[in-house]
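Following: one structure in C-alpha cells, then a few remarks.
The values are calculated or read from the model by the stated rules, or taken from the named source; none is laboratory data. Bear in mind the structure is a predicted one, so any value in this text is a computation, not a measurement. A quick note on method: Cβ atoms are made from the backbone with ideal geometry, for glycine too, and the neighbour counts reach across all protein chains shown.
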Amino acid sequence: MASTSFIPSGDFRTSYAADTTIFPTRTSRNFAIAGIALLCFAPQLFSEYWLSVSIQIGIFSIAALGLNILVGFTGQISIGHAAFFLFGAFTSAYVSNNFPIPVFFAIPLAGVVTALVGLIFGVPAARLKGLYLVIATLAAQYILLDFFSRAEWFSGGSVPASANPFSIFGYALRGDRQYFYVVLAYVLVSYLLVTNLMRTRDGRALVAIRDHYLSAEIMGINLTKYRTLSFGLAAFFAGIAGALYAHYQLVVSQEGFGIERSVLFLAMIIIGGTGSIMGTLMGTAFVVLLPESMEWISLHLKGSAIDHALSLNTNITFLREIAIGLIIIAFLMFEPDGLAHRWRQIKSYWKLYPFSH
Amino acid sequence: MNAQFLIQLLVNGLVVGTLYGVVAMSFVLIYKATQVVNFAQGELLLVGAWVCWALLVKFQLPFWIGMPLTLVFMFVFGIAIQVVILRPMIGEPIISVIMVTIGLSTVFQAALKWIFGVNPQPFPDVFTSKSIDIFGLQIQTVYIMSLVVSLAMMVGMAWFFRASKYGLAMRATAFNQQVAQSLGISVKTVFAISWAISATVSAVAGVVVAVVNGVSSGLSAYGIKVFPAAILGGLDSIGGAVLGGVIIGLLENIAQYVDSQFLHWGNLYEIAPFYVLIIILMIKPYGLFGTRDIERI
C-alpha cells in the first residue's frame with residue numbers, strides 16, 4: 001500500500017503485509033524522512049536551552065519506550081524503572097572508567113547488563129500476575145537504590161560517580177551539539193527496533209498476553225518466557241537510556257531517582273498512550289515540557305497577585321508534582337488511551353473531511 | 001547488656017509491628033472489598049496526622065475534640081476519594097486502577113508538603129511522656145498507648161466483620177459482588193464505606209506514630225512497608241495482614257540488632273523487609289493465609 005500517497009477514506013487492506021506496514025502511505029514515509037533530516041540540522045538551529053530539552057526528551061523517551069513494552073504491550077506494571085535507569089547509568093560509567101572500553105561500546109554493554117539484572121527481578125515476577133509484579137518491582141527499586149548507596153566501588157557511594165564524555169575510537173565528542181546526534185541515533189534505532197518487534201511473532205505474543213493471558217497460554221504461548229522477556233527488554237532500554245544520560249551529564253548521582261522518577265516514567269506512557277510507540281515520544285515530550293512551561297509561567301506571573309497568593313517561587317516543585325499526579329489521574333479517567341488516541345482521532349477526522357458524519 | 005538491647009529492640013519491633021499490622025489491615029480491607037491495590041495508604045496516614053496536628057496546634061483544640069474531628073474528616077475524605085476518583089474507574093483494567101492510586105499518592109504527598117512545609121513538626125504532648133519499668137525494661141508510656149490503640153483497633157475490626165451488618169455486607173461483597181447485589185446489598189455503599197473505614201483506621205495509626213515521632217512526610221513510609229506485610233500474610237487475609245505486620249516489625253528490629261552487633265553494614269533495618277518480600281514472592285506468592293487464585297475458563 002505504500003504506493004498511495006494519501007490514506008484512503010476506507011479500509012482497503014488486502015494482505016497481512018499491508019496491515020503491519022510501518023508507513024501506510026508514501027506521504028507519511030516522506031514526512032518521516034523529512035522530519036529526521038530536519039532534526040539533523042537541529043543543533044545548528046536550536047538554542048542551547050532547547051537543545052538540552054530535546055536531548056532530555058530523547059533520552060527519557062528511550063526509557064519510556066522500554067516501560068511501554070512492559071506496560072503497554074505485555075500488560076505488566078513496573079514501578080522500579082528509575083532504578084534500572086540508574087543502574088544503566090552507573091554501569092556505563094563504571095565500565096568506561098575502569099576498563100579500556102570506549103564509551104561507544106559501554107552504552108550497549110550497560111543495556112545488556114541492566115537487562116540481566118532486570119531478569120533477576122523478573123524471574124519471580126514472571127510467575128506472578130500484574131498485581132504481584134508491581135510489588136516485586138517496588139522491592140527492586142528499594143533494593144537497587146540501597147545497593148547503589150552501599151557499593152562504593154561501583155557507584156561511588158554517597159559521592160556522585162563521574163562518567164567519561166562520549167568517545168569513539170579515540171575521537172571524543174564535545175558539548176551538547178555533538179551529543180545530540182548520538183541521542184538521535186539511539187532514539188531512531190530503538191524506535192525502529194521496537195516498531196519491528198511488534199510486527200513479529202514475539203511482539204504479537206506479548207500483545208496476546210496483555211489481552212488475555214489465559215487464552216494466550218492455551219494457544220501455546222509460553223507465559224513465563226514472554227513475561228520474563230518483556231521485563232528484560234524494559235530493563236534493557238532503561239539501561240541504554242541511563243547510560244546515555246550518564247555520558248550526557250558526566251556525573252551520575254542517586255539524587256532524584258527515587259520512586260517519584262519511576263512514577264514520572266509511568267506518567268510519560270500513560271499520557272502518551274500505553275501500547276502506542278509514537279505516543280511514548282509524545283508523552284515524554286509532554287512530561288519534560290510540563291515543568292519547563294510551569295517554570296516559564298511562574299516567571300511571568302512574578303509579582304502578580306497569583307504569585308503572592310500561592311508563593312509560586314518557593315513552591316514550584318510541589319506544584320509540579322501535584323500537576324503530574326493530577327494529570328496521571330485525569331488521563332486515566334478521561335483519556336485512557338492517551339495523546340496517541342487523540343492524534344488518531346484527528347487523523348480519522350481528516351480522512352473523511354468534509355464528510356466526516 | 002546485649003540481651004537487654006535485644007529485648008528493647010524486640011519490644012520496639014512489636015510496637016512498630018502492630019502499627020504495620022493496623023495499616024496493612026486497612027490496606028487489605030480496601031483490596032478485599034474493592035479489588036483496588038492502594039498505593040496511597042501511607043498518604044492516608046499522613047493526611048490524618050497532619051489534620052490532627054493542624055487542629056491541635058493551629059486551632060488550639062483540646063485532644064478530645066481534635067481527635068474525633070480528625071476521624072470524622074477522614075471518614076468523609078475516604079468516601080470522597082472513592083466516589084470522585086475510584087468509582088469511575090470500576091471495570092477498568094487493574095493496572096489503570098493501580099496507577100490512579102499511584103497518582104493520588106503523588107498528589108497528596110506534594111500537596112501536604114505544600115500546605116504544611118517540608119520540616120517535621122513535633123506533636124503536642126497528648127500524654128505526659130514517662131517511662132515505666134516493666135521487668136527491668138524502660139518502656140515509654142507512648143509505646144504502651146500505641147500498642148493498646150492498635151490492639152483495640154484490631155479487636156474492633158474483628159467485631160465489625162463478625163457481628164455488624166455492614167461488616168457482613170462487606171464480607172459478602174468480597175466473596176462475590178453479583179451474589180451480594182442480588183441479596184440487596186448496595187455494593188456502591190460497601191465500596192465507599194470500606195474506603196472510609198480504611199482511611200479512618202489509617203488516620204488513627206498516623207496520629208499514633210505522630211505522637212511518638214512527630215509529623216513528617218516520612219510517615220508515608222508506613223504505606224510502603226504495608227506491601228511486605230500484606231504479601232507475607234496473603235493479600236486477601238485480614239488476620240494475615242496483622243500477623244505479617246508484626247513479623248515485619250520484629251524482623252526489622254532483629255535485622256538492626258544483627259547489623260549493629262555483627263555485620264556493621266548499616267541501614268540493614270530499612271531494606272530487610274524488601275528482601276523478605278522478594279523471597280516470599282519467589283517461594284510462596286500467596287503468602288501465609290492468602291487464597292490461591294484458581295481461574296475457571
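Yes or no: segment A:102-124 includes at least one residue that is crowded, with 23+ Cβ neighbours inside 10 Å, at pLDDT below 85 and within 14 Å of chain B (Cβ to nearest Cβ). Taking every residue of segment A:102-124 in turn, at least one turns out to be crowded, with 23+ Cβ neighbours inside 10 Å, at pLDDT below 85 and within 14 Å of chain B (Cβ to nearest Cβ).
In the list A:L45, A:L38, which residue meets the criterion of being aliphatic (A, V, I, L, M) and within 25 Å of A:I346 (Cβ to Cβ)? Step by step, each of A:L45, A:L38 is checked, and only A:L38 is aliphatic (A, V, I, L, M) and within 25 Å of A:I346 (Cβ to Cβ).
Of everything in segment A:78-101 that is under 26 Å from A:A267 (Cβ atoms) and in a loop (DSSP other than H, G, I, E, B), the residue that is nearest to the other protein chains (Cβ to nearest Cβ) is A:I79.
Yes/no matrix, rows are residues, columns are (1) over 30 Å from A:I135 (Cβ atoms); (2) in contact with a Ser or Thr (Cβ under 8 Å, 6 or more places away or on another chain); (3) free of Cβ contacts under 8 Å to residues at least 24 places away in the same chain:
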{"residue": "A:R26", "(1), (2), (3)": "yes, yes, no"}
{"residue": "A:L67", "(1), (2), (3)": "no, yes, no"}
{"residue": "A:G80", "(1), (2), (3)": "no, yes, no"}
{"residue": "A:N98", "(1), (2), (3)": "yes, no, yes"}
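The set of residues in segment B:97-120 that are more than 21 Å from the chain's Cα centre (by Cα), modelled with pLDDT under 85 and on the phi < 0 side of the Ramachandran plot comprises B:V118, B:N119. Residues considered: A:G75, A:G66. Of these, the only one that is closer than 24 Å to A:T200 by Cβ and away from chain B (no Cβ under 14 Å) is A:G66.
Take the residues of segment B:212-235 that are among the β-branched types (V, I, T) and surrounded by fewer than 24 Cβ atoms within 10 Å (Cβ to Cβ): which is nearest to the other protein chains (Cβ to nearest Cβ)? Looking at the filtered set, the residue picked out is B:I224. Of the numbered criteria (1) buried (at least 17 other Cβ atoms within 10 Å of the Cβ); (2) on the phi < 0 side of the Ramachandran plot; (3) in contact (Cβ under 8 Å) with a residue 12 or more places away in the chain, the one A:G275 fails is (2). All conditions in (1) modelled with pLDDT of 85 or more; (2) closer than 26 Å to A:G258 by Cα; (3) of a type in the set (A, V, I, L, M) hold for B:V246, with the sole exception of (2). For A:L229, the test of being closer than 22 Å to B:S96 by Cα and hydrophobic (A, V, I, L, M, F, W, C) is failed. For B:V226, the conditions (1) touching a Phe, Trp or Tyr at 6+ places or on another chain (Cβ under 8 Å); (2) more than 25 Å from B:V51 (Cα to Cα); (3) among the hydrophobic types (A, V, I, L, M, F, W, C) are fulfilled apart from (2). Scanning segment B:236-259 for residues that are within 14 Å of another protein chain (Cβ to nearest Cβ), closer than 23 Å to B:G167 by Cβ and surrounded by fewer than 24 Cβ atoms within 10 Å (Cβ to Cβ) yields a single hit, B:D236.
Conditions tested, residue by residue: (1) touching a helix residue (DSSP H, G or I) at 6+ places or on another chain (Cβ under 9 Å); (2) surrounded by 20 or more Cβ atoms within 10 Å (Cβ to Cβ); (3) modelled with pLDDT under 90.
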| residue | (1), (2), (3) |
| --- | --- |
| A:I135 | yes, yes, yes |
| A:A139 | yes, yes, yes |
| A:S149 | yes, no, yes |
| A:L184 | yes, no, no |
| A:D202 | yes, no, no |
| A:V207 | yes, no, no |
